[in-house]
Every structure is written in structure tokens, then in C-alpha cells.
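Values in this text are rule-based calculations from the coordinates and carry no lab data. Quantities reported herein were computed from a predicted structural model and do not represent experimental measurements. Please note: Cβ atoms are built from the backbone with ideal geometry, for glycine as well, and neighbour counts cover all protein chains shown.
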Amino acid sequence: MTIDWQQEVEKRKDDIIADLERMLRVKSVRDESQATADAPLGPGPKAALDEFLKIAERDGFETMELDGMAGHIQYGEGDTDLGILAHVDVMPAGNGWDTDPFEPVIKDGNLYARGASDDKGPSMAAYYGMKIVKELGLPVNKKIRFILGTDEESSWRGMKHYFASMPQPDLGFSPDAFFPIINGEKGNVSFFLHFAGSNEGAWQLRSFEGGLRENMVPRDAQAEITTPDADQVKQAFADFVAANPIEGTVTENGDSLTLAVVGKAAHGQEPRNGENAATYLALFLSQFDFGGDAANYLNFTAKYIHDDSRMEHLGMAFTDEVMGDLTMNAGVFTFTAEKGGTITLNFRYPKGMDESDLQAGLTKATAAMGVKLEAGEGMVPHYVDPSDPIVQKLLAVYNRQTGSNAEGMVVGGGTYGRLLERGVAFGAMFPDTPDTMHQANEYIRLKDLFAATAIYAEAIYELVK
């Protein structure tokens, strides 16, 4: 039986766009300050979960919601489960958008909205892949569980809650990364560096803040300072901004100055794709005569963090032949004289090292500053052998539809694929796709959305027939 997968997608293009736009209008940012018993992660993720399940019920699928934190869409029968693991939550929109981030706009062949590429667009493509298999009445010899999480961008509480009571699929993929296929993901852990808040001398750091999430390069940062020479700071700042790939402003507020920097956001798995506004601001301020913990906070950031995602300045650089470099993203900064400061560092580390190596290096560097080090919950490296049939079958579909001869790869990003022993990440970004995940003006190219849907449809069929 010969199936023209692209033609099947062509018949459904308008429906795919309509359902995706329906999902993109849901502001599904985690907000536990508004949590309720039936929406533990806030109203947005729960609303998005409900909306996706309604779409599936409309299409005749069996669905289940689990305590407002996760759910699944189920199809087929068999002794083996294929899992498709997606998420409906999104990062905060942040600043710098040209349009409303939660009102989808199509322009020049691109669909703009928060979540368009991470992960509502790819999730909808994979869902329609499953829907095409169902509507064509193709033989299905495995049970398909399309599992939806609501907290992928934070601590994965939704998916962890799901698997606390539901069985793991035997194999599966997550449509939340890149083509051709990701069969290896680095370990992932964050460390929180807590500084005290003393200021000494004529220069005072009243506040410093930057970043929204630990896995996102900060686009915006600002600091309020008092200084004995405001004119000197303003001129130096203008020169600094002109010499670096950032924008900046200075505002006088009585006896203080507020300095604001705009850099470029990027996904924290590769900080080199962004410009960290917070570390640039700390680099600038570190040249002045701040004292005490304020000086430690600024100097540590400028000396050891700025422009050093490979941690060479701390002597912590490490590379594995298969999984690549250790990387670090400095994602969130806060400081006030009253409460002190915190810097959140998110590490993606390859096999050959572990969290204790990272902790030892950070402890050594910060011991003299009185910094308290706190480790977050981590995930160890994940790797599926390239010879595994799931890798081989998915690669074969991708190469057949794209005319490529691609192989698997390892990345620093963490996807739900790592939750399964035989789990991988599969699309939906193509090698030539601009990466706008976690950035202002996030978008998905419509041609990529439709191409990914055709790949997912054939891939699902190949895995379950």
C-alpha cells in the first residue's frame, strides 16, 4: 500500500492551522501563585491541557486527564505501547515582541506566537500524524499514547505525576527538539549561588535583576545604583553599549541611577546563541568601586560567568567525544541590599562527569566569598544506541521524506524523550530552521509544520504496524 503522506497533510492544512491557533491563544505559562486544587500549576497549563483533550475528543479519540497536571490521548491496541510525549506549557513571553505573543499571526509564511515552535506547533504536527493514521484506517498493532505534560519548561511536575501512577510506554519519542533525531541528551542540573547583601563605600548596588528562567538566556537586565559621579557612569555606559552587541539606557531617579540592558534571549542549552544582558551589565558595573557582597556578586559574574558558557575561567571545561561540551547558562539574577543576591546557573553536562564535579568546582571558586551553594533537582545523561530499531526506523522515515542521509545526534537540551529507556527526541525543527525557541517573536515556518506532520504520520505508522 502506497501512501502519499504529503498529500494527506495537504488535505488537512487549514484544520492543522486552526487547531494550532486555538492552542496558541491559551496563555499556558506556569503560575503557581494562582494554583487551585484542580489546576496545581496555575490556570494556564490546565486550560491548555483541557483544550488539547477537547480537540482529541472531537476527533473520536479516547482521552484521560490526570489531576490537572497531565493527560493522554489513546488509540490502537496491542501488547506494546508507543509513547508520544509532548507539552502544552510555554515560557513567559518576555519583552520585545512585535505582535501579541498570545494572538497568533501569520506573516510571510511564518506563524508567530509564544509556543509556536516550543512546543505547541510540533505537538500539533505529531497529533495530526496520529490522526492521519487513524483516519486512513491503517493497521495498528501497538497502543499509542499521546501524553501531554504541563510543566516541561520548569520542573516536569506534570509528567512526573503522570508516571507515578501510569505505566511507562515501551518506546517513544518527543516532538520537542530537532530533526533528524536526538538519541542522546546531556545531564541537566541547576545550582543556586546565594550571596549576602552588604554594600561598602560610596558606590552602592541597591538592586540587580535579570532573566526569567534558568533555561533561558536573559534578554533583559537592570540595576539601580548610587554613585558619587553620575556623569562618569553615564558616559562610560554609553561607550560600553556602543562597543558591545547590546542596547542600554540610563535613568536618573533622585540620588540613584537605573541602568537597563537589552541583549538577546536564547534557549539555555546553547548560550552562545544569545547575548546575556545580565552578565553584560555586571561586567560594566564591576569596573567601579563597589564593596562587600555587592562587589563579590558583580565581580564573580564578570570574571567567571560572562561570555564563558564552557566554564574555562573556572577550570571546569569538559568534553566527551560522543556527547560534546559541558555548557553553562546563567539564567536568573537577583540582588538587593536587604536580601542579598542569587545567581542561577544551569548546566548541561555529558557522560564522563556528574553533579559532584560541578559542585566541587563552584565551591572552590566561591569559598572565599561566603557564598552558599544549593543544588537543584538534576537529570543524568541519557543515550539510546544508534542501532536501536526506534532510532533506525525514525531516521529512515526522515531520510526518505527529505532525501537526506542524516544520522543521530546528542544535544544539551532536555526533552521528555529521556523519561523512557528507549525514548528519543524527533523534530520538529529542521536543520535549516531558524531557532526562535524562548525568544521574542517566536515562530514556526508553515512549510516546516506541514513537512513535520507528514514525517510524523509515516513514522507513527512505521512504529506501530
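Things worth noting here:
- In plain terms, the bigger the Kirkwood radius, the slower the diffusion; for the stretch 160-241, with that radius from Cα pairs, at 20 °C and 1.002 mPa s, Stokes-Einstein puts D at 115 µm²/s.
- For the stretch 1-39 versus the stretch 95-150, the gap between their alpha-carbon centres in whole angstrom: 4
- Straight-distance crosslink candidates among aspartates and glutamates, where the alpha carbon sits under 14 Å from LYS264 and sequence neighbours closer than 8 are dropped: ASP220, GLU247, GLU275, ASP307, ASP435, GLU442
- Ranked list, fewest to most other Cβ atoms within 10 Å of each Cβ, for ASP255, ASP325: ASP255, ASP325
- Here the contact order of the chain, divided by its residue count and restricted to Cα pairs under 8 Å and six or more residues apart, works out to 24 percent.
- ³J(HN,Hα), Karplus 6.51/-1.76/1.60, whole Hz, each residue of the stretch 59-76, x for Gly, Pro: 8, x, 8, 7, 10, 8, 10, 10, 6, x, 10, 6, x, 9, 10, 10, 8, x
- Arranged from fewest to most other beta-carbon atoms within 10 Å of their beta carbon, HIS194, HIS306 become HIS194, HIS306.
- Dipole in debye (nearest 20) - the stretch 71-190, about Cα centre, beta carbon charges: Lys, Arg +1; Asp, Glu -1: 280
- Binning all Cα-Cα separations of the stretch 1-120 at 5 Å, short to long from zero, yields these whole-percent fractions: 2, 10, 16, 19, 20, 15, 10, 5, 2, 1, 0.
- Each of GLU247, GLU77 was scored by other Cβ atoms within 10 Å of its Cβ. Arranged with the fewest first, they read GLU77, GLU247.
- Helix-derived mean residue ellipticity, 222 nm - over the chain, DSSP H n ≥ 4, -39500 (n - 2.57), to 500: -9000 deg cm²/dmol
- Net charge dipole size for the stretch 188-375 [Lys, Arg +1 and Asp, Glu -1 on Cβ; Debye, nearest 20]: 280
- Rounded if a/c under 1.5, otherwise prolate or oblate - the stretch 353-465, Cα gyration tensor axes: prolate
- FRET efficiency, THR36 to LEU138 (Cβ-Cβ, R0 35 Å, nearest 0.05): 0.30
- In plain terms, the C-alpha convex hull of the stretch 188-375 casts an average shadow of 10.0 nm² when viewed from every direction.
- Whole-number D in µm² s⁻¹ for the chain, Kirkwood Cα-pair radius fed into Stokes-Einstein, 25 °C, 0.890 mPa s: 106
- Here the Kirkwood formula puts the hydrodynamic radius of the stretch 286-354 at 13.5 Å, using every distinct Cα pair.
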